[in-house]
Amino acid sequence: SFSKTKLGIDTDTYKYVAIKILNQDISESALKTIITEINALKQLKYHPNIISLYDFDQKVYEKASSTEQTMVNFIAIELAQGGELFNVLSQTGRFDEQLSRFYFKQMIEAIHFCHLQGVTHRDLKPENIMLDDKFMVKIIDFGLAAPIQGRDGSGLLKTALGTFGYMSPEIH
């Protein structure tokens, strides 16, 4: 809701990347979400099933449709060419047990790694699970992430966040 994602290329490695171009007129709460995501991805780097953060910066951006230039904030992340798990499920229907176990194992390993690093995702759903070019899981969208011990250190997360349809019954 506060960015556009474009295909980019790393001019050093010639690898494709996803570039989230952030709107200039974002709210303070949206900015907090972006900062949360960047900090979580920096903390969670090097896990094969979590999307990699490559860079975040402010650069001059020239629109393809004109010569107009503007300053934009951007986040460059690993490109997940396989698309969303949600779309794959929509197109193929449910997975058989063997394929389900294959993906579930990767998701559990990634979430376990997050928890070992002290991070909880808080919005895990098929739309936030991407597949790379080899159809391996890549967990994305850490904008609602929080310290696993809670922001006040009590061990409790008190804010009801996430996508309503995926929330656990006790939150409702």
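The values are calculated or read from the model by the stated rules, or taken from the named source; none is laboratory data. Keep in mind that this is a model prediction, so the values were computed, not measured. Neighbour counts are summed over all protein chains in view; Cβ atoms, including those assigned to glycine, are modelled from backbone coordinates with ideal geometry. Accessible surface is based on the protein model in full, side chains and every heavy atom, while ligands, DNA and RNA are left aside. Shrake-Rupley method; radii C 1.70, N 1.55, O 1.52, S 1.80 Å.
Observations, loosely collected:
- Qualifying residue in region 29-50 (condition: touching an Asp or Glu at 6+ places or on another chain (Cβ under 8 Å), closer than 19 Å to A145 by Cα and of a type in the set (G, A, S)): no
- Selected residue (criterion: surrounded by the fewest Cβ atoms within 10 Å (Cβ to Cβ)) from residues of region 126-144 that are within 16 Å of V17 (Cα to Cα) and touching an Asp or Glu at 6+ places or on another chain (Cβ under 7 Å): D141
- Pairing residues of region 5-22 that are more than 15 Å from Q81 (Cβ to Cβ) with residues that are surrounded by 12 or more Cβ atoms within 10 Å (Cβ to Cβ) and among the charged types (D, E, K, R), at Cβ distances under 8 Å and at least 6 apart in sequence or on separate chains, gives I21/K6.
- Number of positions in region 94-125 that are among the β-branched types (V, I, T) and either open to solvent by 40 Å² or more (accessible area, probe 1.4 Å) or over 16 Å from G155 (Cα atoms) (or both): 2
- Residues that are surrounded by 12 or more Cβ atoms within 10 Å (Cβ to Cβ), aromatic (F, W, Y) and under 15 Å from the mean Cα position of the chain (by Cα), drawn from region 1-53: F2
- Filter pass, G150 being at positive phi, of a type outside the set (D, E, K, R), over 13 Å from the mean Cα position of the chain (by Cα) and exposed (fewer than 15 other Cβ atoms within 10 Å of the Cβ): yes
- Selection of region 44-75 for residues being modelled with pLDDT under 95 and in a loop (DSSP other than H, G, I, E, B) yields K45, Y46, K63, A64, S65, S66, T67, E68.
Results for (1) part of a strand (DSSP E or B); (2) at pLDDT 85 or above; (3) among the basic types (K, R), shown as yes or no for each residue.
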| position | (1), (2), (3) |
| --- | --- |
| T5 | yes, yes, no |
| G8 | yes, yes, no |
| T11 | no, yes, no |
| A18 | yes, yes, no |
| I21 | yes, yes, no |
| D25 | no, no, no |
| I34 | no, yes, no |
| E37 | no, yes, no |
| A40 | no, yes, no |
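- Scanning region 76-103 for residues that are in a helix (DSSP H, G or I) and in contact (Cβ under 8 Å) with a residue 12 or more places away in the chain turns up L85, F86, V88, L89, Y103.
- Flag if S52 is among the hydroxyl-bearing types (S, T, Y) and over 20 Å from E37 (Cβ atoms): no
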